[in-house]
Amino acid sequence: MGSIEGILTGFQTALSLEAIMFVAIGVVVGTFIGMIPGLGPITAIAVMIPITFGMDPAAALIMMAGVYYGAMYGGSTSSILLNAPGVAGTVAAAFDGYPMAQQGKAGKALAISAIASFVGGTVSVILLMLLAPALSSVAVAFGPPAYFALMLMGLTAISSLSEGSTIKALLSAVIGFMIVTIGIDAQTGTQRFTFGNINLLEGIDFLVIALGLFALAEVCTLIINRKDLNMNDAHKIGSLRLSKDDFNEMKGPMTRQSFLGFIIGVLPGAGATISSFIAYISEKKLSKKPDEFGKGSIRGLAAPETANNAATSGAFVPLLSLGIPGSGTTAVMLGAFIVLGVQPGPLLMTDRPEIFWGIIASMYIGNVFLLLLNLPLIPYLAKILLIPRPLLISLVIMFSTVGVYAISFNTFDLYMLLLFGIIGFLMRLFAFPAAPLILAFILGGMMEDSFRQSLTSSNGSLMVFVYDPIALTLLIIAGLTFVFPIVRQLRKRRG
């Protein structure tokens, strides 16, 4: 079956009344699940697996896909309004989205998020439809050396995430590396930095750190600044309208990050979180006004929101074409495929074209539904900011603690949440950026595993990174990314 025939088959499946209904259910559930910190699409899809047992596989999988990309839309809402990321992939949206909300531009921030998400999702679906079979071979070509080089390239941009001292940004990243090593070593089974506490054997969950460093740290700041009259702007919703200049400013980031986010999403294990951070960093480096990032920049919000939704669609390339999960959520979806009697992989396109192409075609419809759902809801969602400050603080604490407890049902995680809330507040107090810590934590585990696998495959020789052309290219880019800012600073000092 050719691509054109496959696309027509997909739309025939996706445009049936049953499929449209399940797409609508999926995106609505995903949106509201994404708004609640700690739950996320993994939990929702895991709960749906027994519920959808016995259903038509195409309809069930279309609904689960809707939950996945719908959660990205919803997760940005809590990031922008409360600085409490709903899902891991929307952490970067808080960097500029929350400052915009504090400046009385919550309506504009949510509108930018919705439009950027729609563009990223739609462009990536088109790319998925056209390039899915071909890109599966690209995903396989990325071996451990290439993954290590990619992660290193991301880390070399840590200086871009610092608002002041580069030394403080590097120290923050070192703390992130230290935290990610806590737990049992996957290769040797050795306990590392657990201090004999069985609750640390599996390490510390990402959302515990993210909600602590952002949500609880913000709560501490709000409590201390409760008499600050300048905080009154945070209660203003502002206009939802975007000017021509706003669209012109969004146009470049949305175009670039749609492609970049999709490509990163294709790589197994990379996912929306990494793509959103790389998008934010790359846009800051390309911007003529990098100082505006972190203070309510339109580009700083549009870039990660475009990339994380593009990566969501990209993650379906290895899942559908190779049977390899591209993210944590698609790993759960792989289980759903198997339970429903569908085997994803190279034969899925020919054996079950209505499922392969139906899921892809349903994403078009889902993205339109999400835009139509989110834009009218913006005035009502933004009214969260009108809630009295004491009640708002209580709600943030409640959602954060419930979300963290729902991950593992372990009260120890609540103590860790409190600990990282205190650490986040102290980092703000002494001007240590939290973003490098988060980025190092995300990339550190994958970087360590890839480095070890590379050395194991080459009997300990570092030349494995030279012989791999993809790894070598990425390492050169990483080196230039690291050296260029230093050279630029030296020139400024001499000047």
- Message: For the pairs 251/284; 108/168; 289/383, flag any whose C-alpha to C-alpha distance is greater than 24 Å.
- Response: 108/168; 289/383
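Apply 1/(1 + (r/R0)^6) to the Cβ-Cβ distance of residue 197 and residue 394, taking R0 = 30 Å, and write down the FRET efficiency to the nearest 0.05.
My answer for the efficiency is 0.50.
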- Message: Largest first and in whole Å, what are the equivalent-ellipsoid semi-axes of the stretch 1-71 based on the Cα gyration tensor, each being the root of 5 times an eigenvalue?
- Response: 25, 13, 10
- Query: Quick one: what does P(r) look like for the stretch 345-495 with 10 Å bins over all Cα pairs, in whole %?
  - Reply: 8, 14, 20, 27, 24, 7, 0
- Can you list residues whose amide H is under 5 Å from residue 192's amide H, if they're 5+ apart or on another chain and H is modeled 1.01 Å from N? 183, 184, 185
- Task: Just tell me which aspartates and glutamates come within less than 19 Å, Cα to Cα, of residue 295; anything on the same chain fewer than 8 places away is out.
- Result: 96, 163, 218, 228, 233, 245, 246, 249, 283, 305
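Take every Cα pair under 8 Å in the chain that's 6+ residues apart, average their separations, divide by the length, and report that relative contact order as a whole percent. Walk me through the numbers on the way to the answer.
Details: 915 pairs, mean separation 141.9, N = 495.
For the chain, the relative contact order is 29 percent.
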- Can you list, largest first and rounded to whole Å, the semi-axes you get for the stretch 340-429 by taking the square root of 5 times each eigenvalue of its Cα gyration tensor? 40, 24, 12
- What accessible surface, in Å², does a 1.4 Å probe find on residue 18, ignoring ligands, DNA and RNA and rounding to the nearest 10? 90
- Task: Would you mind calculating the gained length between residue 492 and residue 285 on full extension (0.36 nm times residue separation, minus the Cα-Cα distance), in nm to one decimal?
- Result: 72.8 nm
- Query: Averaged over all directions, how much area does the convex hull of the C-alpha atoms of the chain cover when projected, in nm²?
  - Reply: 24.1
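As a check on your grasp of the helix formula, calculate [θ] at 222 nm for the chain: sum -39500 (n - 2.57) over DSSP H runs of n ≥ 4, divide by the residue count, round to the nearest 500.
Theoretical 222 nm ellipticity from helices: -24000 deg cm²/dmol.
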- Between residue 165 and residue 377, what FRET efficiency comes out of the Förster formula 1/(1 + (r/R0)^6) with R0 = 56 Å and r the beta carbon distance, rounded to 0.05? 0.90
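Determine the order of 288, 105, 492 by accessible area, beginning with the largest, at a probe radius of 1.4 Å.
Ranking 288, 105, 492 by accessible area, largest first, yields 288, 492, 105.
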- How far, in nm, would the chain grow between residue 190 and residue 428 when pulled straight, counting 0.36 nm per residue and subtracting the alpha carbon separation? 82.3 nm
- Taking the C-alpha atoms of the stretch 36-126, how large are the radius of gyration and the largest Cα-Cα span, Dmax, in Å? 15.0, 50
- How high is the FRET efficiency between residue 178 and residue 55 when r is their beta carbon distance and R₀ equals 45 Å, given to the nearest 0.05? 0.50
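The values are calculated or read from the model by the stated rules, or taken from the named source; none is laboratory data. Because the structure is predicted, anything quoted here is derived from the model rather than measured. For neighbour counting, all protein chains shown are included, and Cβ atoms are generated from backbone atoms with ideal geometry for every residue, glycine included. Note: accessible area is taken over every heavy atom of the protein model, side chains too, but ligands, DNA and RNA are not part of it. Shrake-Rupley method; radii C 1.70, N 1.55, O 1.52, S 1.80 Å.
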